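Working notes for the structure below.
Just so you know, all these numbers are worked out from the coordinates, no wet-lab data involved. Everything quoted here is computed from the prediction, not taken from an experiment. Cβ coordinates were reconstructed from backbone atoms using ideal geometry, including for glycine residues, and neighbour counts include every protein chain displayed.
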Amino acid sequence: MRVRKVPASVLPGIAGEVWVDTDRRAYVRDGVARVPVRDGYPADEDLPERRGYNGRGYHLIGDVAVVHGDEPSKEEIGAIVAHRHPRGVVWVKGYTGAMRIPEAEVVYGSAGEVWHREQGCTFILDPTRVMFAKGNRVEKARIAGLVRPGERVADMFAGIGYFTIPTARNGASVKAMEINPVAFEYLRRNIVANDLADRVTPMMGDCRDLLSGVYDRLLMGHFDAPSFLPDALDHVRVGSVLHVHSIGDATTTIQERVKEAGLSATITCRRVKKYGPHAWHVVQDVMIT
């Protein structure tokens, strides 16, 4: 593949140049982009064609690759490095406690803080210190698309702003609640990085103590969310929507909690992603009627 080397920062400005081969993707490393060149135009370098990747699954968060599950082998790590040239590879063995703190090990290179771009949003985080669920990308976009400007939203488990940032960018006024002090600090920084200080109010502590007034929409992005419903349902009206996450279908439990609160609701259940053998991460959209 014939390429020209340019600073990565100029990529958006050269997209329409006649020499750029738009059928191929630019390759970026260490701030330098190698941009594919169309036939008949001069190039700086001739790179071997990339081979398709069929190795160990991973997520690229910023410039750090993250793998989950069993310990990756040296061969698997080498394949990931050859494929995307990350600064480091982090093995996340699992998450502990209600705060979902990663049990992580850097198995190649270096890790630490990254700047991750996703669907127009910027997320600052350290994947060895806080969870970033990249597999929820479609769900984040769906929720942001449902929001209408001016909605009053409670994000009860805000984390670093996974749902808060895209929801606020679409015009909602969000009260973002987070109990983990490390995640909360990243949440504050991400609000500033996305220029959303006028739309998001970050609050640190137990969300059950921080809810106030009535909300148009409540985001409950934690697998223990059904157990928080008695508190959440004190802050709804007819037309309010709760997005209740769980492992497996929690519709029956939700119906019971809604009835106990003296309310009625329509519930729609959808799968987000596979969580484990015979287990799915599910979200229930609960509209108070």
Cα-based radius of gyration of segment 134-288 once divided by 2.2 N^0.38 Å, which approximates compact folds | 0.98
Arrange the following residues from fewest to most other Cβ atoms within 10 Å of their Cβ: Ile191, Ile160.
-> Ile191, Ile160
How many angstrom lie between the C-alpha centres of segment 86-107 and segment 177-225?
-> 22 Å
In segment 1-122, with Lys and Arg counted as +1 and Asp and Glu as -1 at Cβ, which of these residues, Val20, Pro86, Gln119, has the Cα nearest the positive end of the dipole, that is, farthest along it?
-> Val20
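Compute the signed sum of charges (Lys and Arg +1, Asp and Glu -1) over the other residues within less than 11 Å, Cβ to Cβ, of Glu45.
+2
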Which length gain, in nm to one decimal place, applies between Ala261 and Trp19 when the Cα-Cα distance is subtracted from 0.36 nm times their residue separation?
-> 80.7 nm
Which FRET efficiency value, to the nearest 0.05, do you get for Val28 and Asn54 by plugging their Cβ-Cβ distance into 1/(1 + (r/R0)^6) with R0 = 22 Å?
-> 0.45
Going by how many other beta carbons lie within 10 Å of each one, how would you line up Ser264, Ser9, Ser173, fewest first?
-> Ser9, Ser264, Ser173
What GluC sites (Glu not before Pro) in segment 44-95 are in a loop by DSSP, with at most 15 other Cβ atoms within 10 Å of the Cβ?
-> Glu49
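Dipole magnitude of the chain about its Cα centre, charges +1 at Lys/Arg Cβ and -1 at Asp/Glu Cβ only, in debye to the nearest 20?
Taking the Cα centre of the chain as origin, the dipole is about 560 debye.
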Pair-distance profile P(r), taking every C-alpha pair of segment 98-139, with 10 angstrom steps and integer % = 23, 52, 24, 0
What does the charge add up to near Asp70, with Lys and Arg as +1, Asp and Glu as -1, over the other residues with Cβ less than 13 Å from its Cβ?
-> -1
Fewest-first ranking of Met220, Met287, Met131, using other Cβ atoms within 10 Å as the exposure measure | Met287, Met131, Met220
Added length on full extension, which subtracts the Cα-Cα distance from 0.36 nm per residue, Arg84 to Thr122 = 11.7 nm
Report the label-to-label distance for Ser73 and Arg270 in nanometres (one decimal), using points 7 Å from each Cα along the Cα→Cβ vector.
-> 3.9 nm
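Calculated FRET efficiency, Lys93 and Asp231, Cβ-Cβ r, R0 30 Å, to nearest 0.05? Let's see the in-between values first.
Working: r = 32 Å, r/R0 = 1.07.
Efficiency, rounded to the nearest 0.05: 0.40.
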Pop out the ³J(HN,Hα) list for segment 110-121 in order, Karplus 6.51 cos²θ - 1.76 cosθ + 1.60 with θ = phi - 60°, rounded to Hz; leave Gly and Pro as x.
-> 10, 10, x, 5, 10, 10, 10, 9, 8, 6, x, 9
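Go ahead and estimate [θ] at 222 nm for the chain from helices alone: -39,500 (n - 2.57) per DSSP H run with n ≥ 4, summed, over the residue count, rounded to 500.
Theoretical 222 nm ellipticity from helices: -5500 deg cm²/dmol.
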Under the Karplus relation 6.51 cos²θ - 1.76 cosθ + 1.60, θ = phi - 60°, what is the ordered set of whole-Hz ³J(HN,Hα) values for segment 150-166, x standing for Gly and Pro?
-> x, 4, 9, 10, 10, 9, 6, 9, 5, x, 8, x, 3, 9, 4, 5, x
Relative contact order of the chain, defined on C-alpha pairs under 8 angstrom at six or more residues apart (%) | 10 percent
For segment 27-42 and segment 71-85, what is the separation of their C-alpha centers, rounded to whole Å?
-> 24 Å
